[in-house]
Amino acid sequence: MTNNEQLNNSPGATLEAGRPQVMLRARGITKNFGHITVLRGVNLDVNLGERVILLGPNGAGKSTLLRILAMLSRPSGGNLEIAGIPVEETRASVRSLIGVISHLTYLYEDLTARENLHFYGKLYGLSGERLEHRVEELLIKVGLERRAGQRVRYFSRGMQQRLSLARAILHQPPLLLLDEPDTGLDRQAAEMLAQVVSEPDDQGQPRTVLMTTHNLERGLALSNRVVVLSAGKIVREAPAQRLAGDEVQSWYYEAIRR
């Protein structure tokens, strides 16, 4: 299975009218690579409509955790539920609820921007006029309408990141898992990212977001809650509105030195 095929969000799971209060629940998540332990029993709840920023130093395990939560990697131990559904029971269908941005773009370099979105749209179960409209809408939203016919191999890192964002929200997922989505983005594109993160899904409901970033200021502006991961464990969390001004840096560095 290729990395791109892992993102096949086959239609299946949907959110009913009585949506669960907890959109994502991880319990005791561990991950070992040989004799190296990267995650050490991570417990994390992300509530419906909540925007959580995940902070931590390099090597803390942030990307590994995001890949496990996105079902792109299996944990060594622990349990994961998405929208109240145990993912081990229905991995393929639950993926339809998730939009992912990872360090890998999951884009096909020999396809154009438009062709990439059409390809993924079909994987997500979109077709016909609905797919055509959604693709063109997103190309405009991420500022790539003039580059829609260009092969992705000629795109800059920032342009690829814009297209990755379009891919992630193409099927209107209620949950976004974003690993440093602001990488390579200029100021205008960063503002566009903030808009996408904050806007509701196609049912008018606040989108649930878990995002990593090294930009504390930007992360605080986009989030409701801040979680700090250090040495494979969650060491501190707080509502974002409580962290302002000069105290943010000291709060963060104190947390990762524990």
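The values are calculated or read from the model by the stated rules, or taken from the named source; none is laboratory data. The structure displayed is predicted, hence computed values, not measured ones. Note: ideal-geometry Cβ built from the backbone for every residue, glycine included; neighbour counts use all protein chains shown.
Looking at the range 106-135, which of its residues are assigned to a helix (DSSP H, G or I) and without any contact (Cβ under 8 Å) to a residue 12 or more places away in the chain?
Answer for the range 106-135, where residues must be assigned to a helix (DSSP H, G or I) and without any contact (Cβ under 8 Å) to a residue 12 or more places away in the chain: Glu115, Phe119, Lys122, Gly128, Glu129, Arg130, Glu132, His133.
Can you tell me which residues in the range 201-242 are under 22 Å from Gln21 (Cβ atoms), touching a Leu at 6+ places or on another chain (Cβ under 7 Å) and at pLDDT below 90?
Ala240
Could you check the range 215-233 and list, in sequence order, the residues that are hydrophobic (A, V, I, L, M, F, W, C) and in contact with a Gly (Cβ under 9 Å, 6 or more places away or on another chain)?
Pass one, the range 215-233, residues hydrophobic (A, V, I, L, M, F, W, C): 216, 220-222, 226-229, 231.
Matches in the range 215-233: Val226, Val227, Val228, Leu229, Ala231.
Would a scan of the range 64-85 turn up a residue that is surrounded by fewer than 22 Cβ atoms within 10 Å (Cβ to Cβ), out of contact with any strand residue (DSSP E or B) (no Cβ under 8 Å at 6 or more places or on another chain), more than 29 Å from Tyr252 (Cβ to Cβ) and free of Cβ contacts under 8 Å to residues at least 24 places away in the same chain?
Yes, that holds for at least one residue.
Given the criterion among the small types (Gly, Ala, Ser), at pLDDT below 95 and closer than 23 Å to Asp179 by Cα, identify the matching residue among Ala92, Ala113.
Just a single option satisfies the conditions, and that option is Ala92.
Does Gly28 satisfy the condition of being surrounded by 21 or more Cβ atoms within 10 Å (Cβ to Cβ) and over 30 Å from Pro200 (Cβ atoms)?
Here the answer is no, as Gly28 does not meet what is asked.
Among the residues of the range 101-111 satisfying the criterion of being surrounded by 18 or more Cβ atoms within 10 Å (Cβ to Cβ) and out of contact with any Ser or Thr (no Cβ under 6 Å at 6 or more places or on another chain), which is farthest from Arg146 (Cα to Cα)?
Ranking the candidates gives Ser102 first.
Kindly indicate the residue of the range 87-100 that is assigned to a loop (DSSP other than H, G, I, E, B) and of a type in the set (Val, Ile, Thr) and also surrounded by the most Cβ atoms within 10 Å (Cβ to Cβ) among those meeting that condition.
Among them, the one singled out is Val87.
For Gly49, all conditions in the list (1) at positive phi; (2) crowded, with 18+ Cβ neighbours inside 10 Å; (3) of a type outside the set (A, V, I, L, M, F, W, C) hold save one; what is the number of the exception?
Condition (2) is where Gly49 drops out.
Just need a number here: residues in the range 28-44 that are outside any strand (DSSP E or B) and in contact with a strand residue (DSSP E or B) (Cβ under 9 Å, 6 or more places away or on another chain). Show your work before the answer.
From the range 28-44, those outside any strand (DSSP E or B) are 34-35; that's our starting set.
Next, only the ones that are in contact with a strand residue (DSSP E or B) (Cβ under 9 Å, 6 or more places away or on another chain) stay: none.
Total meeting the criteria: 0.
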